[in-house]
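Participant: Have a look at this one.
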Amino acid sequence: MILPTARTWVYPLSVNGRYQRIHRVTGALLQAVLFVTPWIDVGGHPAFQVDIAGRRLYAFGAVFTPADNLLLVLIGLAAAFSLFLFTAVFGRLWCGYACPQTVFLEEWIRPVENFIEGDRGRRMARDRGPWNADKTGRKLAKWSAYLLMSFVVAMTFVSWFSGAGVLWTGGSGSVAYGMVSFFTALMFWDFAWFREQFCNYLCPYARIQGVLCDDHSLVVAYDDRRGEPRGKDSPGACIDCLKCVAVCPQGIDIRDGFQLECVTCARCVDACAAVMAKRGEPSLVNYATLSGQPRTVRARTVVYASLIGIVSVAFVGVLAGRHEADGYISRSPGSLYTVDADGWIRNTYLLRLTSHENEPDQWQVEIEGLPAVAEVSAPSIALDPAATTTVPVVVRVPPGHLIERSTPLRVRVHSHDDELWMDTSFLSEGT
């Protein structure tokens, strides 16, 4: 697809109707998740936070570390296949009702624009006219509002990574506020100028929807059998009022058929329904399938649903085998074994534990595989929630009890309701 050489501005007309009321509800739900979640505390951490510096993900009481990469991959796969299934059945309803780009444009940007500059006709006339005091003042007021909204959204977005309380009270570092500045500028540019071009040229979801959808997927479609030939004096039901074109935020004519740019926001449906209601007829634009026969169960939906099931079973299996902590043991750097003054052979290890819980716990260390006379010196490990700690483990064996130069050793680390087993070896002077 080739980008246009000049920006073609779209002036969508305000519209009300059944689907716009639904949009406001779904938009309110999305905003509640976005703005409220960073402030909810679960176990001393935000309900959802991506801690990049600490390499942890906090999700409603659960803590995921790099050792949980498989779980995160499975979650990502389940989300992707769910999106594929949803799109195959319902088309681009995500774009029209839940995408942050659509929600912020419809619930924040366009109402502010209409309040400051007026509806479609006034904005078009003002933009065609010269720059005077009225035009300049309104543009500056609108852009100032956009900048403020961009800052609020950017702060909220970065709160998902830095923590809302710390970020909003000025306690975060320069990197966090640098990201806020970057996203504020990016969103201001999007809100003030780029807008629908994001959906048309940049959004990856729009690029792949043609593969995910087929003739049985739900789309916004024009009923040309009833509507054509169009015109006030024609036998077709369409009077060519162009309301469906005027309200479209993507700047397309839905009567030209299915188009990649359509985000199925149903503004054209509500506009046509209002016009046709005056004539006592149903809307010419509605949600429909290109085949005319909705069919949920078909090859691709069965495949997507099966993949979701397989991934879900794998996720449950991996989660069931997940421990309260992750750990590994390694030999102390630069040491093999040491013969102490009393003749005992000593091996020193470093045990590293990372908690996956939001509650503190106490862990003990035991060993298996050495003679009963072996001594183990290891502290009781107090592991704080989502913390990582490293402690030394010293194992000593008296002389004459080991024949092999290397003896397999199993280390058991246990709490009151969980245990970890780690394999290593004990080195000695054996032959």
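Bear in mind that the values in this text are calculations on the coordinates, not laboratory data. This structure is a prediction, so every number in the text was calculated from the model and none was measured. No Cβ is skipped: glycine too gets one built from the backbone with ideal geometry, and neighbour counts run over all protein chains shown.
Participant: What translational D, rounded to a whole number of µm²/s, comes out for region 155-302 from Stokes-Einstein when the hydrodynamic radius is the Kirkwood one over Cα pairs, at 25 °C and 0.890 mPa s?
Facilitator: Estimated diffusion coefficient is 132 µm²/s.
Participant: While we're looking at this one, here's another question. May I ask you to work out the translational diffusion coefficient for the chain at 4 °C, viscosity 1.567 mPa s, via Stokes-Einstein with Rh from the Kirkwood sum over Cα pairs, reported in whole µm²/s?
Facilitator: 48 µm²/s
Participant: Let me know the whole percent of all Cα-Cα pairs from region 164-222 that are separated by more than 20 Å.
Facilitator: Within region 164-222, distances greater than 20 Å cover 55 percent of Cα pairs.
Participant: Per q in 0.11 Å⁻¹, report the Debye log10 I(q)/I(0) for region 26-175, using one uniform scatterer on each alpha carbon and no solvent.
Facilitator: The computed values of log10 I(q)/I(0) come out as -0.64.
Participant: If I model a spin label as a point 7 Å beyond the Cα along the Cα-Cβ vector, how far apart are those points for Glu404 and Leu29 in nm?
Facilitator: 6.0 nm
Participant: Next up: Between Ser82 and Leu336, how high is the FRET efficiency from 1/(1 + (r/R0)^6) when r is the Cβ-Cβ distance and R₀ = 60 Å? Nearest 0.05.
Facilitator: In this case the efficiency is close to 0.70.
Participant: Within 10 Å of each candidate Cβ there may be at most 11 other Cβ atoms; applying that plus a DSSP loop requirement, which GluC sites (Glu not before Pro) in region 325-431 survive?
Facilitator: Glu429
Participant: While we're looking at this one, here's another question. Give the calculated FRET efficiency between Phe60 and Leu186 to the nearest 0.05, with a Förster radius of 25 Å applied to their Cβ-Cβ distance.
Facilitator: Calculated value: 0.30.
Participant: Using the Cα centre as the reference, give the magnitude of the dipole from point charges on the C-beta atoms of the chain (Lys, Arg: +1; Asp, Glu: -1; all else neutral), rounded to the nearest 20 debye.
Facilitator: 2520 debye
Participant: Based on other C-beta atoms within 10 Å, arrange Tyr19, Tyr222 from fewest to most.
Facilitator: In increasing order of surrounding Cβ atoms, one gets Tyr19, Tyr222.
Participant: Going by how many other beta carbons lie within 10 Å of each one, how would you line up Arg267, Arg225, fewest first?
Facilitator: Placing the least packed residue first, the sequence is Arg225, Arg267.
Participant: When the chain is fully extended, how far beyond the present Cα-Cα distance does Trp131 get from Phe115, taking 0.36 nm per residue of separation?
Facilitator: 3.8 nm
Participant: If you don't mind, another one. For the peptides 236-247, 49-60, what is the packing order when you average, over each peptide's residues, the other Cβ atoms within 10 Å and list the highest mean first?
Facilitator: 236-247, 49-60
Participant: Scale the Cα Rg of region 325-427 by the rule-of-thumb value 2.2 N^0.38 Å and send over the ratio, two decimals.
Facilitator: 1.12
Participant: In square nanometres, what is one fourth of the surface area of the convex hull spanned by the alpha carbons of region 218-289?
Facilitator: Mean orientational projected area (region 218-289, Cα hull): 4.3 nm².
Participant: Along the charge dipole of region 53-154, pointing to its positive end and built from +1/-1 on Cβ of Lys, Arg, Asp and Glu, which listed residue (Val89, Ala141, Ala53) has its Cα farthest out?
Facilitator: It is Ala141.
Participant: How big is the dipole moment of region 325-427 about its Cα centre under a simple scheme where the beta carbon of each Lys and Arg is +1, that of each Asp and Glu is -1, and everything else is neutral? Debye, nearest 20, please.
Facilitator: 600 debye
Participant: When Lys and Arg each count +1 and Asp and Glu each count -1, what net charge do the other residues less than 11 Å away from Val339, Cβ to Cβ, add up to?
Facilitator: In short, -1.
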